[in-house]
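Colleague: Right, I'll just put the structure down here and ask away after.
The values are calculated or read from the model by the stated rules, or taken from the named source; none is laboratory data. Given the structure is predicted, the values throughout are model-derived calculations rather than measurements. Virtual Cβ from ideal backbone geometry, glycine too; neighbours counted across all protein chains shown. Surface accessibility is based on the protein's heavy atoms, side chains included, excluding ligands, DNA and RNA. Shrake-Rupley method; radii C 1.70, N 1.55, O 1.52, S 1.80 Å.
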Amino acid sequence: MVSKGLMRRAVPPSFNVEFMTAATAAAQHAPVNAEARSPFVRLHELLADIKPGLPAINLSVGEPQHPIPPFVGPVLQAHLNDFGRYPANKGTEGFRKAAASWLGRRYRLGRPVDPETEVIVLNGTREGLFLGALAAKRYVPERSGKPAILIPNPFYAAYSAGAAAADCEPVYLPTTRETGFLPDLDAIDPALLARTVAFYLASPSNPQGAVATETYLTRLVVMARRFGFLVFADECYCEIYLNGRPPHGMLEASQPDFSNVVVFHSLSKRSNLPGLRVGFAAGDRRFLGRYIELRNIAAPQVPVPAQEVAIAAYGDEAHVENNRELYVAKFDLADQIIGNRYGYQRPAGGFFLWLDVSRQGGDEAVARNLWRDGGLRVIPGHYLARDGADGRNPGQGYIRVALVQDKEITAEALHRLVTVLG
């Protein structure tokens, strides 16, 4: 029989109980509809009855196909025995120091990031961005009305999944050519900001590749501090810039204490290591102190050998520069082959084309045609977005094309695309 004392010690703190109870309730009551499903599942169903007319080239998934860095294997081999122990949930000291040091080299920061209190390891940014919403719901002061989470539209699916799990209203902010493919900060009602829990922002954005200016980021930080919400800055594409100018970071705009700001970084795009599942969150130390409480009960630790690979990756810039040169070369191809078709404009960052195919029959029809006639697998844009308050889906009529293959395959794919669409 278990003693009452042991039973008491086995119960997590009430803060953590609230997290799990709310997440379970939200999951049980969240409606399931076509829009809420994975865009990749929807694409599979769209193309299931079609045979590709040419050898298949997958341009739908943002999974880098460039070679992994040469140091990955030797580092893993040197730390195989570390698979035999549980690592600390917030990350090893060596990893946190490496991430903090990299942030200090990459961005113009007035002081070093504290690896002890301002950095935690993640199983990639997806986990971090999702769980961040649950932590934010209970961290911010009481909201004025139904708690809301603001999401750029189109968006990365983890943002809306986090909002649903946190039982917050997802509010989709259109990011169109007219808004510079970023949320229009002037168009947000102060009453909405007063009930906002978190504001997700990706720069460079997915899928349009827009980069926020330092002025834009600073304005957003001021808004967050005025209304008491958190900014979750998804910066996983920050090292893929195509114009020679590194994007500004949200930590730069939130100095000196990084209050109300958390940035999320990953090795998936920077180092071609999507399968490693290592990233980190950094920023507001008070929020991260609460966030780690949630990770301690709801997320698995990151294996030490994987963190050792990450230490090596954050200490090496040569492979990152080579990687960036490959993307620049592929966008040079897009400039030449696509030209001014389909509203194409070379983005500032990221590795996606965001092409307007409304005149070619619309995004779903074009996705089917490209697969049937060209063997190209692309994502219909409205699968990546939601209908806004005006009933319009800002992804409607667009396709997202991921330039993740090597240069030769990319050239072949772009020629096929132009041939099929005309």
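Colleague: Say whether the condition of being in contact with a Gly (Cβ under 9 Å, 6 or more places away or on another chain) and assigned to a helix (DSSP H, G or I) is met by at least one residue in segment 390-411.
Modeller: no
Conditions tested, residue by residue: (1) open to solvent by 20 Å² or more (accessible area, probe 1.4 Å); (2) closer than 21 Å to Arg108 by Cα; (3) aromatic (Phe, Trp, Tyr); (4) in contact with a strand residue (DSSP E or B) (Cβ under 7 Å, 6 or more places away or on another chain).
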site	(1), (2), (3), (4)
Ala187	yes, no, no, no
Pro190	yes, no, no, no
Thr213	yes, yes, no, no
Val221	no, yes, no, yes
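Colleague: Looking only at segment 166-185, filter to residues that are among the polar types (S, T, N, Q) and in contact (Cβ under 8 Å) with a residue 60 or more places away in the chain; which one of those is nearest to Leu134 (Cα to Cα)?
Modeller: Here is the first cut: in segment 166-185, the residues among the polar types (S, T, N, Q) are 175-176, 179.
This time we only want the ones that are in contact (Cβ under 8 Å) with a residue 60 or more places away in the chain, so: 175-176.
Values: Thr175: 25, Thr176: 28 Å.
It comes out as Thr175.
Colleague: Starting from segment 268-289, take each residue that is on the phi > 0 side of the Ramachandran plot and list its partners that are not hydrophobic (A, V, I, L, M, F, W, C), counting only C-beta distances under 6 angstrom and pairs at least six apart or across chains.
Modeller: Asn272/Pro64; Asn272/His66; Arg277/Asn123; Arg277/Gly124
Colleague: Return a yes/no flag: does segment 101-122 have any residue that is of a type in the set (A, V, I, L, M, F, W, C) and open to solvent by 50 Å² or more (accessible area, probe 1.4 Å).
Modeller: No, every residue in segment 101-122 fails to be of a type in the set (A, V, I, L, M, F, W, C) and open to solvent by 50 Å² or more (accessible area, probe 1.4 Å).
Colleague: So, of the residues in segment 60-86 that are touching a residue at least 12 places away in the same chain (Cβ under 8 Å), of a type outside the set (Asp, Glu) and outside any loop (DSSP other than H, G, I, E, B), which turns out to be surrounded by the fewest Cβ atoms within 10 Å (Cβ to Cβ)?
Modeller: Leu80
Colleague: Test Gly145 against the criterion of being surrounded by fewer than 24 Cβ atoms within 10 Å (Cβ to Cβ) and either touching a Leu at 6+ places or on another chain (Cβ under 6 Å) or at pLDDT below 95 (or both), and give yes or no.
Modeller: yes
Colleague: Right, here's the next one. Spot the failing condition for Gln307; the list is (1) in contact with a strand residue (DSSP E or B) (Cβ under 7 Å, 6 or more places away or on another chain); (2) among the polar types (S, T, N, Q); (3) without any contact (Cβ under 8 Å) to a residue 24 or more places away in the chain, and only one is missed.
Modeller: (3)
Colleague: List the residue pairs whose Cβ atoms are under 9 Å apart, where the first residue sits in segment 36-51 and is among the charged types (D, E, K, R), the second is open to solvent by 80 Å² or more (accessible area, probe 1.4 Å) and assigned to a helix (DSSP H, G or I), and the two are 6 or more positions apart or on different chains.
Modeller: Pairs that qualify, where the first residue is among the charged types (D, E, K, R) and the partner is open to solvent by 80 Å² or more (accessible area, probe 1.4 Å) and assigned to a helix (DSSP H, G or I), are Lys51/Arg372.
Colleague: Right, here's the next one. Collect the residues in segment 223-243 that are more than 18 Å from Phe258 (Cβ to Cβ), surrounded by 22 or more Cβ atoms within 10 Å (Cβ to Cβ) and among the hydrophobic types (A, V, I, L, M, F, W, C), keeping them in residue-number order.
Modeller: Once the filter is applied, which keeps residues that are more than 18 Å from Phe258 (Cβ to Cβ), surrounded by 22 or more Cβ atoms within 10 Å (Cβ to Cβ) and among the hydrophobic types (A, V, I, L, M, F, W, C), segment 223-243 yields Cys236, Ile240.
Here is a yes/no grid of residues against (1) under 13 Å from Ser266 (Cα atoms); (2) hydrophobic (A, V, I, L, M, F, W, C):
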position	(1), (2)
Tyr86	no, no
Lys90	no, no
Gly94	no, no
Trp102	yes, yes
Arg106	no, no
Arg111	no, no
Glu116	no, no
Gly124	yes, no
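Colleague: Can you confirm whether segment 335-342 contains a residue that is within 22 Å of the chain's Cα centre (by Cα) and either open to solvent by 30 Å² or more (accessible area, probe 1.4 Å) or at positive phi (or both)?
Modeller: no
Colleague: Could you please find all residues in segment 284-306 being over 24 Å from Met250 (Cα atoms) and modelled with pLDDT of 95 or more?
Modeller: Val302, Pro303, Val304, Pro305, Ala306
Colleague: Looking only at segment 343-380, which residues are touching a residue at least 24 places away in the same chain (Cβ under 8 Å), open to solvent by 30 Å² or more (accessible area, probe 1.4 Å) and in a helix (DSSP H, G or I)?
Modeller: Gly343, Ser358, Gln360, Glu364, Arg368, Asn369, Arg372, Asp373
Colleague: Is it fair to say Ile57 is at pLDDT 95 or above, surrounded by 12 or more Cβ atoms within 10 Å (Cβ to Cβ) and touching a Lys or Arg at 6+ places or on another chain (Cβ under 6 Å)?
Modeller: no
Colleague: Can you find even one residue in segment 251-269 that is closer than 23 Å to Phe130 by Cβ, open to solvent by less than 20 Å² (accessible area, probe 1.4 Å), basic (Lys, Arg) and modelled with pLDDT of 95 or more?
Modeller: Within segment 251-269, not a single residue is closer than 23 Å to Phe130 by Cβ, open to solvent by less than 20 Å² (accessible area, probe 1.4 Å), basic (Lys, Arg) and modelled with pLDDT of 95 or more.
Colleague: Please work out if Asp49 is over 26 Å from Ile120 (Cα atoms), among the charged types (D, E, K, R) and modelled with pLDDT of 50 or more.
Modeller: yes
Colleague: Let me ask something else about it. Within segment 326-341, how many residues turn out to be in contact with a Ser or Thr (Cβ under 9 Å, 6 or more places away or on another chain) and either outside any helix (DSSP H, G or I) or over 19 Å from Lys269 (Cα atoms) (or both)?
Modeller: Selection size over segment 326-341: 2.
Colleague: Taking segment 186-218, which residues are touching a helix residue (DSSP H, G or I) at 6+ places or on another chain (Cβ under 6 Å) and free of Cβ contacts under 8 Å to residues at least 40 places away in the same chain?
Modeller: Residues satisfying the conditions are Leu193, Leu217, Thr218.
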